[in-house]
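The next block holds one structure in the form of structure tokens; read it before the comments.
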Amino acid sequence: MKQYLFLFFIFFFCTATYAQQQSVKPAQKDSITVYTYAYIRVEGKFLSKKLKVNVDVGDTDDQIEAGNRLSYLLTNKRSYGAILNYMAELGYELVNTLDLTSNYDGTGGTSGIVYVMKRVR
């Protein structure tokens, strides 16, 4: 009886350690979701109803060029909604908004808005 019990424990521990060594198949590339983020700073122009837009999508040369192109296209729009609609047409989704505030001699207010947007690649 002791021999059977001893063999059972050896079998159990060998099986348990073997089961822990089994590798899990890596996920396929299609199931991995990759996001591209855009940081869009929108401010009003001095004595104008038009908006000044600065788009930041990254720090590689291609991303800097794309950000400059988007900044050029979106500057001089008159509506915050027009900026959001254009970015939505490109496949971006709004994640967060931040207020740009300024304070001078005790008076302050919102000087612009920052949009944080993402797009699934």
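The values are calculated or read from the model by the stated rules, or taken from the named source; none is laboratory data. In this text, all values refer to a predicted model and were calculated from it rather than measured experimentally. No Cβ is skipped: glycine too gets one built from the backbone with ideal geometry, and neighbour counts run over all protein chains shown. The protein model used for the area step is the full one, side chains on, heavy atoms only, and it has no ligands, DNA or RNA in it. Shrake-Rupley method; radii C 1.70, N 1.55, O 1.52, S 1.80 Å.
Residues are listed down the side, and each one gets a yes or a no for (1) in a helix (DSSP H, G or I); (2) at pLDDT 90 or above; (3) of a type in the set (S, T, N, Q):
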| position | (1), (2), (3) |
| --- | --- |
| LEU5 | yes, no, no |
| PHE11 | yes, no, no |
| THR17 | yes, no, yes |
| PRO26 | no, no, no |
| ALA66 | yes, yes, no |
| LYS77 | no, yes, no |
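Within this structure, ILE32 passes the test of being under 17 Å from the mean Cα position of the chain (by Cα), open to solvent by 80 Å² or more (accessible area, probe 1.4 Å) and β-branched (Val, Ile, Thr).
With respect to the conditions (1) closer than 14 Å to VAL55 by Cα; (2) open to solvent by 80 Å² or more (accessible area, probe 1.4 Å), GLU89 falls short on a single one, namely (1). Looking only at residues in the range 88-113 that are in contact (Cβ under 8 Å) with a residue 40 or more places away in the chain and among the hydrophobic types (A, V, I, L, M, F, W, C), the one that is nearest to ILE40 (Cα to Cα) is ILE113. A search for C-beta distances below 6 Å between a residue of the range 74-87 that is among the aliphatic types (A, V, I, L, M) and any residue that is not in a helix (DSSP H, G or I), counting only pairs 6+ apart in sequence or on different chains, returns LEU74/VAL53; ILE83/LYS77; MET87/MET117. Summed over the range 44-71, residues that are of a type outside the set (A, V, I, L, M), open to solvent by 50 Å² or more (accessible area, probe 1.4 Å) and within 23 Å of VAL120 (Cα to Cα) total 10.
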